[in-house]
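Here the structure is laid out as structure tokens; the discussion comes afterwards.
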């Protein structure tokens with residue numbers, strides 16, 4: 001009887017001693033939590049870097065499309081007055097400008113099927129330079145960036161005249177054409193500007209603007225706010 005009681009008391013004492021974690025166990029748990037948090041943060045950093053890289057590639061690819069088409073047909077995509085002759089199924093622009101004048105008329109975000117800035121995409125796709133639908137009425141006709149924002153191209157002259165990009169130097173952009181990408185969070189916009197230009201949102205060839213008030217360039221965008229990023233070339 002005495003032995004049984006002693007054994008029960010001993011077992012109870014052992015259970016009481018095992019109610020908490022030891023310092024070693026706590027240290028191991030903290031190390032694991034630290035590794036998990038580090039992995040999550042690193043993963044988010046990689047995702048962010050991939051988005052910025054994808055957006056930068058968009059700007060570069062559109063330049064390649066334009067120059068490739070120009071080299072092949074001696075005309076600008078969208079502005080090509082003989083597009084229907086060069087490419088089966090292509091339409092010639094009939095709204096907002098004169099085809100063949102070396103100006104891509106229409107706004108980058110336009111949805112008017114007969115404008116040059118809209119037909120730009122049909123022409124480069126039919127020419128085999130870019131992937132995507134060639135039917136202007138197709139649901140996914142207009143390309144988007146990594147965050148789902150609209151991407152487009154137009155002439156710099158029209159961009160400055162309609163929506164001046166900087167309140168201090170509205171005609172400060174140099175180049176003939178402007179590629180614009182919408183819905184870009186400030187943290188990505190700043191990385192884009194640093195990667196492709198001077199890192200300041202209201203100077204240089206790349207500008208960061210608020211879509212609702214495009215007359216004001218943003219030198220230091222807010223990380224969590226969406227912007228329009230335009231690159232002149």
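The values are calculated or read from the model by the stated rules, or taken from the named source; none is laboratory data. The structure displayed is predicted, hence computed values, not measured ones. Positions of Cβ are generated from backbone atoms using ideal geometry, with glycine treated the same way; all protein chains shown enter the neighbour counts.
Got at least one residue in the range 138-156 being in contact with a strand residue (DSSP E or B) (Cβ under 8 Å, 6 or more places away or on another chain), at pLDDT below 90, part of a loop (DSSP other than H, G, I, E, B) and under 30 Å from residue 69 (Cα atoms)? The answer is no; no qualifying residue exists.
Regarding the range 215-222, can at least one residue be identified that is within 14 Å of the chain's Cα centre (by Cα) and at pLDDT 90 or above? Working first, answer last.
Initial filter on the range 215-222 (within 14 Å of the chain's Cα centre (by Cα)): none.
No, the range 215-222 has no match at all.
Is the range 108-124 home to any residue that is modelled with pLDDT under 95, in contact with a strand residue (DSSP E or B) (Cβ under 6 Å, 6 or more places away or on another chain), crowded, with 21+ Cβ neighbours inside 10 Å and outside any helix (DSSP H, G or I)? Within the range 108-124, one or more residues are modelled with pLDDT under 95, in contact with a strand residue (DSSP E or B) (Cβ under 6 Å, 6 or more places away or on another chain), crowded, with 21+ Cβ neighbours inside 10 Å and outside any helix (DSSP H, G or I).
(1) surrounded by 15 or more Cβ atoms within 10 Å (Cβ to Cβ); (2) at pLDDT below 95: which one isn't true of residue 162, the others all being true? The number of the failed condition is (1).
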